[in-house]
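Single-structure report; data block below.
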Amino acid sequence: MTVLMADAENPCLEANPESVANRLFRLSIGVFFIGGFLTSSVSLLVPQLKLILALDYAEALLVQLAFHASYLLFALPITAFIVAVGYMRAITTGLAVMAAGCLSLAIAQNALSFALVLGALLLLSAGQTFLQMASNTVVTVIGPSRGAARRLTLLQGFNSLGTVAGPMVSAPLLLADRGAAPAGAFATTLPFAGTAAVTTLLAFAYFRHRGLLSRQNEAQRFVSTRQMFRIFGQVRRLRWGTLAIFVYVGAEVTIGALLPSVLMRPDRLAASPVAAGQLVSLYWGGAMLGRFVGAWVMTRVDEARLLAAVAFGAVALTLAAIVLPGVPGATVLIAVGLCNAIMYPTIYALAFPEDERQAPVASMWLCMAVVGGALVPLLTGAVADRATLLPSLAVPAACYLIIACFASLCARQPERRS
């Protein structure tokens, strides 16, 4: 087996690279926003399906398995596709696949078929994988590596804006009583049908700008699977960064999916399903605020040390949420979102190799690690079914501890290569 390895499009490009970078940034805002909107809206399917279909936690969290499994299943062929056709065309393709996935999910929601929901989520996730690998890589390499974490953090702020909008728009539609009105069942399709329309428009926008990044004239090279693993073995930060991405996405998704159930508990807020779903916006809103603030802080504070601080903070807040009752317990769990703010873009940038020729393979490894969003929630759900919901939060707490260890490693060894 072989995978293409080269700069499919030269990110340093054209006569005016600053103009290209600005146009790419503006285009990326829409992609990052809609990705966040979908992520938080899909998380609401967990309490929705648990209530409607009487599922246990492990069964309901299969939603996250389906939504994140494609990062592992399809990362290798998508990497080859990106290098073969270029970043812009790959993003266009990803947006088109996402539109098809959203329409499929709307149909499955109306039919109340759990199997169809899982299949639609897998298709939707395949489109997300295209965007994760192509968009993050472009943003990372279009400018100096020193500012890569700040650029990604700023765009992730727009991603978080989408995650805030998702529960506010989707919770009243997904978590309301389906029998309350004749249009109740149809209303559950609206968040995903509307997202399909938006992603279709974004796909057209990227298709129109498909020539924005110029091609390299030199021939593409082939890299064997053995060489791919050699690259992974050579770059220590890539190895540890892959693990850190795995546990970060797992922890963030787990808390976002279980937070409505925590807030509905009588010993916390005793909130209604719709109110609990909308309160999840505060969790994602903390990430949004933290990312915009974090992009500014990173101009003054070392990225690795800042990552270590927020990771240890997330450990403390998650453990506190287990033992603190009432409003304090709910508040500290929501506050974990603020700690999440800079984690993904900072881990991604710190783990990235300096050699841009290795960018597609490095991106593949890091995006495959997003499968943590499928596996960690399942593990947490299994613990919740056996030890009750609150003690299961120790699983994401352990994930944040691993991130703190990665950040400490990077702070001690500022060089990118081992």
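The values are calculated or read from the model by the stated rules, or taken from the named source; none is laboratory data. Just so you know, these numbers come straight off a predicted model, no measurement behind them. Here Cβ is always computed from backbone atoms with ideal geometry, including for glycine, and neighbour counts include all displayed protein chains. Remember, those area values only see protein heavy atoms, side chains included, never the ligands or the DNA or RNA. Shrake-Rupley method; radii C 1.70, N 1.55, O 1.52, S 1.80 Å.
Here are the numbers for this structure:
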item	result
Matching option when the condition is over 18 Å from the mean Cα position of the chain (by Cα), modelled with pLDDT of 80 or more, not hydrophobic (A, V, I, L, M, F, W, C) and not in a helix (DSSP H, G or I), among Arg237, Arg210, Arg215, Arg178	Arg210
Lone qualifier among Ala374, Ala397 - being of a type in the set (A, V, I, L, M), under 25 Å from Lys50 (Cα atoms) and touching a His at 6+ places or on another chain (Cβ under 6 Å)	Ala374
Unique match (being aliphatic (A, V, I, L, M) and at pLDDT below 85) among Leu55, Leu95, Leu62	Leu55
Count of segment 312-338 residues which are farther than 25 Å from Thr388 by Cα and either at pLDDT 95 or above or part of a loop (DSSP other than H, G, I, E, B) (or both)	0
Tally of residues being open to solvent by 40 Å² or more (accessible area, probe 1.4 Å) and either in contact with a strand residue (DSSP E or B) (Cβ under 7 Å, 6 or more places away or on another chain) or at pLDDT 95 or above (or both) across segment 384-404	5
Enumeration of residues in segment 253-295 that are modelled with pLDDT of 90 or more and among the aromatic types (Phe, Trp, Tyr)	Tyr283
Some residue of segment 65-84 being assigned to a helix (DSSP H, G or I), touching a residue at least 40 places away in the same chain (Cβ under 8 Å) and under 18 Å from Leu175 (Cα atoms)	no
Scope segment 258-311; condition of a type in the set (A, V, I, L, M, F, W, C) and either touching a strand residue (DSSP E or B) at 6+ places or on another chain (Cβ under 9 Å) or part of a loop (DSSP other than H, G, I, E, B) (or both); matching residues	Met264, Leu269, Ala270, Ala271, Met298, Val301
Sole exception among (1) out of contact with any Cys (no Cβ under 8 Å at 6 or more places or on another chain); (2) in contact (Cβ under 8 Å) with a residue 60 or more places away in the chain for Val327, by number	(2)
Hits in segment 299-309 (condition: open to solvent by 20 Å² or more (accessible area, probe 1.4 Å) and in contact with a Leu (Cβ under 7 Å, 6 or more places away or on another chain))	Glu303
Residue check for Ser41: closer than 30 Å to Ala171 by Cβ and either in contact with a strand residue (DSSP E or B) (Cβ under 8 Å, 6 or more places away or on another chain) or open to solvent by less than 10 Å² (accessible area, probe 1.4 Å) (or both)	yes
Breaking point among (1) within 22 Å of the chain's Cα centre (by Cα); (2) modelled with pLDDT under 85; (3) of a type in the set (Val, Ile, Thr), for Val42	(2)
Residues of segment 118-170 satisfying the condition of being farther than 19 Å from Leu27 by Cα, modelled with pLDDT of 85 or more and of a type in the set (S, T, N, Q)	Ser125, Ser170
Residues located in segment 107-131, provided they are open to solvent by 10 Å² or more (accessible area, probe 1.4 Å) and in contact with a Ser or Thr (Cβ under 8 Å, 6 or more places away or on another chain)	Ile107, Asn110, Leu116, Gly119, Leu122, Leu123, Ala126, Gln128, Phe130
Unique match (being within 28 Å of Ala75 (Cα to Cα) and part of a helix (DSSP H, G or I)) among Pro345, Pro353	Pro345
Residue list for segment 310-352, filter: of a type in the set (S, T, N, Q) and open to solvent by less than 10 Å² (accessible area, probe 1.4 Å)	Thr318, Asn340, Thr346
Every residue from segment 336-356 that is under 18 Å from Leu161 (Cβ atoms) and either touching a Pro at 6+ places or on another chain (Cβ under 7 Å) or polar (S, T, N, Q) (or both)	Asn340
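Table: residues versus (1) of a type in the set (Val, Ile, Thr); (2) buried (at least 24 other Cβ atoms within 10 Å of the Cβ).
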residue	(1), (2)
Leu51	no, no
Ala69	no, no
Leu76	no, no
Ala80	no, no
Val85	yes, no
Arg89	no, no
Thr93	yes, no
Met98	no, yes
Leu103	no, no
